[in-house]
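Report on one structure; see the data block that follows.
Please treat every number below as a calculation from the coordinates, not as lab data. Remember, predicted model here, so these are calculated numbers, not experimental data. Cβ placement follows ideal geometry from the backbone for every residue including glycine, while neighbour counts extend to all protein chains displayed.
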């Protein structure tokens, strides 16, 4: 399964946000992998917009596992002040709809 989402970072926090993502906490990386996420990338666009892409076998199970992770909850709380897009704690951003795929 392929998952893509959009978030918007506050323009005045963009540089700091990027620095934090150069050193994502090891506990968060471990939780993402343990939840079954692979091939995860975040792409920056203009004006603080970013798009995340990942692959997993079961998105519902991934969301449950991440919602149960203390490390992920702490990371999300830490990142919340950087985002303009409202994201509820323990809930993933809204998925984008895939309209074309070339395998």
So, of the residues in segment 52-77 that are exposed (fewer than 13 other Cβ atoms within 10 Å of the Cβ) and closer than 16 Å to residue 28 by Cβ, which turns out to be nearest to the chain's Cα centre (by Cα)? 77
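Listed here are the residues, each with its yes/no results for (1) closer than 22 Å to residue 2 by Cβ; (2) surrounded by 14 or more Cβ atoms within 10 Å (Cβ to Cβ); (3) under 12 Å from the mean Cα position of the chain (by Cα).
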| position | (1), (2), (3) |
| --- | --- |
| 37 | yes, yes, yes |
| 43 | yes, no, yes |
| 46 | no, no, no |
| 79 | no, yes, yes |
| 87 | yes, yes, yes |
Cβ-Cβ distance below 6 Å, separation of 6 or more or different chains: which pairs start in segment 17-45 with a residue that is on the phi < 0 side of the Ramachandran plot and end on one that is assigned to a helix (DSSP H, G or I) and loosely packed, with under 13 Cβ neighbours inside 10 Å? none
